[in-house]
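What follows is a short report on a single structure.
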Amino acid sequence: EHLVESGGGLVQDGGSLRLSCAEPGLPFINYGVGWFRRAPGKEREFVGYISSRGFTTHYADSVKGRFTISRDVAKKAVYLQMNTLKPEDTAVYYCAADVHGTSDVATPQGYDYWGQGTQVTVSS
C-alpha cells in the first residue's frame with residue numbers, strides 16, 4: 001500500500017486522538033493529502049486537506065476548530081489531530097494522496113492513492 005493510517009481507537013465523548021498517515025510507498029514528490037471518513041450507512045465524507053508543503057489547509061465545517069492537519073515532510077507523514085471528539089465523529093478514517101493536483105480537494109474522486117483506513121469510535 002502507498003499510504004498507511006494508524007492511531008485510531010476508542011475514545012470517550014470530548015476526548016482526543018491523533019491519526020497518522022505514513023507514505024512509504026510513494027516517492028518524495030509534492031502532493032497534497034486529504035482526510036476522509038465513512039460512518040456506517042453513510043457516504044464517504046471530506047474531513048480536511050493539507051497542501052504539499054503544509055502551508056494551506058482546508059477543513060469541513062463539521063470539524064473546523066476541533067481538528068488540525070499537519071505534516072512532517074522529512075518523515076513523509078501527515079497527521080490528523082482530533083480534539084473534542086463527538087459520537088458523530090465515529091467512522092473509518094482514510095488518508096489520500098492528491099498526486100495530480102485535484103481542482104476540488106473535497107471530492108474523493110480527485111485523489112490517486114488511498115490508505116486502508118483506521119477505525120475511530122467515540123462513545124457517549
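The values are calculated or read from the model by the stated rules, or taken from the named source; none is laboratory data. Because the structure is a prediction, the values reported are computed rather than measured. Here the Cβ is made from the backbone with ideal geometry for all residues, glycine too, and neighbour counts use every protein chain on show.
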Qualifying residue in segment 104-120 (condition: in contact (Cβ under 8 Å) with a residue 24 or more places away in the chain, farther than 18 Å from SER20 by Cα and of a type in the set (Val, Ile, Thr)): yes
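Quick check on TYR59: is it touching a residue at least 12 places away in the same chain (Cβ under 8 Å), out of contact with any helix residue (DSSP H, G or I) (no Cβ under 7 Å at 6 or more places or on another chain) and under 22 Å from SER16 (Cα atoms)?
Working: touching a residue at least 12 places away in the same chain (Cβ under 8 Å): yes; out of contact with any helix residue (DSSP H, G or I) (no Cβ under 7 Å at 6 or more places or on another chain): yes; under 22 Å from SER16 (Cα atoms): yes.
Against the criterion (touching a residue at least 12 places away in the same chain (Cβ under 8 Å), out of contact with any helix residue (DSSP H, G or I) (no Cβ under 7 Å at 6 or more places or on another chain) and under 22 Å from SER16 (Cα atoms)), TYR59 qualifies.
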Of the criteria (1) of a type in the set (S, T, N, Q); (2) at pLDDT 90 or above; (3) within 19 Å of VAL99 (Cα to Cα); (4) over 14 Å from the mean Cα position of the chain (by Cα), which one SER20 fails: (4)
